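Some notes on the structure that comes next.
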Amino acid sequence: MRVLFVGNSYTYYNDLPAMLEGFAQALAPGKRLETGSVLEGGATLASLWKGDKARPLIRDGSWNYVVLQEQSMLGGLRINGVPYMNDPEEMFLPYGRLFAQEVKTAGARPVFYMTWSRKDDLPAQDVLTRAYASLARERVRGYLDAGAATLPSTGLYFMPSSLKRNE
C-alpha cells in the first residue's frame, strides 16, 4: 500500500508519514506500507495546488491514498497579533474539491486530515470541523480528525496525544 501526504508543518513536524509506517509495521509485520510527501511549512491546499510538486506526484498513479491537510487558519493571517481565519469557501473548499477530483482521477482515495486550531483561537476549531466535515460528506465520505479537544470554560486545551505543532 502507498500513501501520499500533502500538507504543511502540522504533518511534517510530527513526521506523520514515518509514524504511519511504524504503526503499519507493528500491526502488520511483513506487509509493506510506503509513504511519500509534499509538505511545506505554512502551505495551504491552494498554494500546493498552484505549486509544481503535488499534482505531478498524485498523477503518477501509484498511490492508494492521498492524505490532504489544509493550513490551520485556512490561509488566514494575523493583523496586529489577532488571528483571522479565512472563510472555508474562499480557499479550502474549492482547492479541497480540486485535489479530491485529481486524486480520484489518478485512481487513489482522498483522505482529508483535519488538524487542530491554534490555542489562541479556540473558536476556530468549530470552523475547521464544519469545513472538513462538509467537504468529507461531499467528496470522500469521511475524514481523519486530529482536532484539539478544548474546554473553553476552563481554559484547558489538549492537542492530540504525542502531536505537537511548530509555531
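Relative to the present Cα-Cα distance, how much length would full extension add between residue 119 and residue 65 at 0.36 nm per residue of separation?
Numbers: separation 54, 0.36 × 54 = 19.44 nm, distance 3.01 nm.
Length gained, residue 119 through residue 65: 16.4 nm.
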### Query
Taking neighbour Cβ counts within 10 Å as the exposure measure, how do 113, 13, 132 sort from fewest upward?
13, 113, 132
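Once fully extended, how much extra length lies between residue 32 and residue 134, figured as 0.36 nm per residue of separation less the alpha-carbon to alpha-carbon distance?
Values: separation 102, 0.36 × 102 = 36.72 nm, distance 3.25 nm.
Going from the current span to full extension adds 33.5 nm.
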### Query
How do 85-92, 66-73, 48-55 rank on mean C-beta neighbours within 10 Å, highest first?
66-73, 85-92, 48-55
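Since every read-out is calculated from the coordinates, none of them should be taken as a lab result. Everything numeric in this text was worked out from a predicted model, so none of it was measured. Every residue, glycine as well, gets a Cβ built from its backbone with ideal geometry; the counts of neighbours run over all protein chains shown.
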